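Input: a single structure, listed below in structure tokens.
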Amino acid sequence: MKRGELSLFSHYYTYGFMSPAVFIKIAEEAKLIVPLERLIIRQVFQQIKVCKREGIYIQLISINISVIHFSQEDFVEFFAEALKEYGLTGKEIGIEVIETIMMHDKQENNHLLQQLRQMGIQVSIDDFGTGYSSFSYLNQLAVDTLKIDKSFVDDFESNSKIISAIISMSHSLNLKVIAEGVETDKQMAFLKSIRCDEVQGYLYSEPVPAHELKTKLRRIAN
């Protein structure tokens, strides 16, 4: 296990579990997304600190960042202060932003990404293939990783040439590639055959609460 990804689920007694896509949209409309994400990030940093103290290690925890949060003036400063507060290094953290973020204020947003990378934080473009990025522009971005959107993986047989091209061109730009939504051995075998660097999905684990993740990590370590 090389990395974990933070996903935010909400549970209501009336509606049951609410997916991140629905819950985050509600939080954005209520103007609560920034304080909510910052609260969650601090809780994650605290969990990492506790795990390290207990001898439980994971290379990287990746955090999805909303467009609204990313655009805050103190975004980079918040991360720097939070890492210092919990005694963590940037190399233990990754952030994921959707590719459409980079279509606005390109120069300023790229500068923010460069600052994050200077802190050691890995930057990933999430859900790649669903927006409007081009590889010529990606070559100018301060990013480390592309994450191929689940929709391509779901129908990998029809999308095999597209997926292969994304991986080949990403590698030519020295970018790592992660395939999202891997659920079957066939998908995994195909991705392995075309040299996809990493995968994530239900084939290996469904989303689990923090305490269950610690149990899984202890089991892996032993």
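So here's what we get for this one:
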{"quantity": "Number of positions in the range 156-207 that are under 16 Å from Phe128 (Cα atoms), of a type in the set (D, E, K, R) and within 19 Å of the chain's Cα centre (by Cα)", "calculated": "4"}
{"quantity": "Close pairs (6 angstrom Cβ cut-off, 6 or more residues apart or separate chains): of a type in the set (Phe, Trp, Tyr) in the range 197-222, modelled with pLDDT of 75 or more anywhere", "calculated": "Tyr202/Glu183"}
{"quantity": "Candidate set: the range 89-112, residues that are within 23 Å of Ile58 (Cα to Cα) and buried (at least 19 other Cβ atoms within 10 Å of the Cβ); chosen: the one farthest from the chain's Cα centre (by Cα)", "calculated": "Glu92"}
{"quantity": "Single residue of Ala189, Ala179, Ala165 found to be free of Cβ contacts under 8 Å to residues at least 40 places away in the same chain, touching a helix residue (DSSP H, G or I) at 6+ places or on another chain (Cβ under 6 Å) and not hydroxyl-bearing (Ser, Thr, Tyr)", "calculated": "Ala179"}
{"quantity": "Output for the range 145-204, where each listed residue is surrounded by 16 or more Cβ atoms within 10 Å (Cβ to Cβ) and part of a strand (DSSP E or B)", "calculated": "Thr145, Leu146, Lys147, Ile148, Lys176, Val177, Ile178, Ala179, Val199"}
{"quantity": "Unique residue being in a helix (DSSP H, G or I) and modelled with pLDDT under 85 when the list is Ile48, Ile24, Ile41", "calculated": "Ile24"}
{"quantity": "Count of residues meeting criterion [among the small types (Gly, Ala, Ser) and surrounded by fewer than 18 Cβ atoms within 10 Å (Cβ to Cβ)] in the range 113-144", "calculated": "5"}
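The values are calculated or read from the model by the stated rules, or taken from the named source; none is laboratory data. What you see is a predicted model; the values in this text were computed from it and never measured. Note that we place each Cβ from the backbone using ideal geometry, even for glycine, and neighbour counts take in every protein chain shown.
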